Amino acid sequence: MRRAAAAIMVGLSLALTGCSAGAEPPSDSPDGELTVFAAASLSGAFDQLAEDFEAANPGTDVLPITYDGSAVLATQLLEGASADVFASADERNMAKVTDAALAGGAAAFATNTLEIAVTPGNPLGVTGLDSLADSELIIVLCTAEVPCGTASETLIEAAGITITPASEEQNVTAVLSKVKSGEADAGLVYRTDIQAAGDEVTGVEIASADAAVNVYPIVSLADAPNPALAAAFVDYVLSPTGQKVLAAFGFGAP
């Protein structure tokens, strides 16, 4: 009986030790700092994803994310900028990075389409793309090199209209800012930007928007300072949890 009791005590001791050890993060749990380059249109969603990722992975620190036009970010990476993860608003600019062997295969994680942002209440009565051909309107677009500009060109050409923009911006955030501030009457931005702007702008849907769907790819970079953490973040964005966050911000499924 004494031997049996001793065996039970040893077993309990081992079980308690195991429980104590289980309270610690596993040895292969990602940790450290993470640098992310992401398209400007992802700012709200990726700030939330970064916060959630850190909460789910104690010991990680997602540094302030660098947001800009995808073409600008791709150029910075090609010129030697250091980052762990790149999320583009289109496949063309991602291809610049993967074709240069700066990353392997990228994975699509979201989609987006364009809407027309106008001043609150739509006082000028913009009804669709045709309205933007009015030379009296001050229109702002993205430059053709960035994804929102490429999509805008596609829709404008398909509609058979001519639009003369007052300015062409390097990212969609700049276009939206000009409409918010009253510097422009209207601008082509993503539907997610309209949602995020709330009552600062009014969105006018484009009937042909599905003719220019932007597919967003993400990749961990070959020279990532923290490759394990980069891979974990990419997996998180692609996971059902990450997809739920993106959907809440208005992004479509990949």
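The values are calculated or read from the model by the stated rules, or taken from the named source; none is laboratory data. Source: prediction; values computed, not measured. Virtual Cβ from ideal backbone geometry, glycine too; neighbours counted across all protein chains shown. Surface areas here come from the heavy atoms of the whole protein model, side chains and all, with no ligands, DNA or RNA. Shrake-Rupley method; radii C 1.70, N 1.55, O 1.52, S 1.80 Å.
Restricting to segment 114-125, what's the tally of residues that are of a type outside the set (A, V, I, L, M) and buried (at least 20 other Cβ atoms within 10 Å of the Cβ)?
The qualifying residues number 1.
For (1) in a helix (DSSP H, G or I); (2) out of contact with any Cys (no Cβ under 8 Å at 6 or more places or on another chain); (3) at pLDDT below 95, each residue gets a yes or a no:
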position	(1), (2), (3)
SER29	no, yes, yes
ALA38	no, yes, no
SER41	yes, no, no
GLY44	yes, yes, no
GLU54	yes, yes, no
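Looking only at residues in segment 132-151 that are more than 17 Å from SER177 (Cα to Cα) and touching a residue at least 40 places away in the same chain (Cβ under 8 Å), which one is farthest from the chain's Cα centre (by Cα)?
LEU132
Conditions first: (1) open to solvent by 60 Å² or more (accessible area, probe 1.4 Å); (2) more than 24 Å from ALA71 (Cα to Cα); (3) over 17 Å from the mean Cα position of the chain (by Cα); (4) not aromatic (Phe, Trp, Tyr). ALA248 passes all but one, so which condition is the exception?
(3)
For segment 112-130, which residues satisfy the criterion of being touching a residue at least 24 places away in the same chain (Cβ under 8 Å) and not in a strand (DSSP E or B)?
Of everything in segment 112-130, those that are touching a residue at least 24 places away in the same chain (Cβ under 8 Å) and not in a strand (DSSP E or B) turn out to be THR113, THR119, PRO120, GLY121, ASN122, LEU124, VAL126, THR127, GLY128, LEU129, ASP130.
Run down VAL219, VAL201, VAL172, VAL179 and say which single residue is touching a Cys at 6+ places or on another chain (Cβ under 8 Å) and touching a residue at least 24 places away in the same chain (Cβ under 8 Å).
Testing whether each residue is touching a Cys at 6+ places or on another chain (Cβ under 8 Å) and touching a residue at least 24 places away in the same chain (Cβ under 8 Å) leaves just VAL172.
For segment 54-66, does any single residue satisfy the condition of being open to solvent by less than 20 Å² (accessible area, probe 1.4 Å) and under 14 Å from the mean Cα position of the chain (by Cα)?
Checked segment 54-66: no residue is open to solvent by less than 20 Å² (accessible area, probe 1.4 Å) and under 14 Å from the mean Cα position of the chain (by Cα).
Going by the conditions given, is ALA159 open to solvent by less than 10 Å² (accessible area, probe 1.4 Å) and among the small types (Gly, Ala, Ser)?
no
Could you grab me the full set of residues in segment 91-110 that are over 17 Å from GLN76 (Cα atoms), in contact with a helix residue (DSSP H, G or I) (Cβ under 6 Å, 6 or more places away or on another chain) and either open to solvent by 50 Å² or more (accessible area, probe 1.4 Å) or among the aromatic types (Phe, Trp, Tyr) (or both)?
Matches in segment 91-110: PHE109 only.
Name the residue that is farthest from ALA248 (Cα to Cα), counting only residues in segment 170-193 that are surrounded by fewer than 23 Cβ atoms within 10 Å (Cβ to Cβ) and not polar (S, T, N, Q).
GLU183
In segment 188-214, which residues are more than 18 Å from the chain's Cα centre (by Cα) and among the charged types (D, E, K, R)?
Matches in segment 188-214: ASP199, GLU200, GLU205, ASP210.
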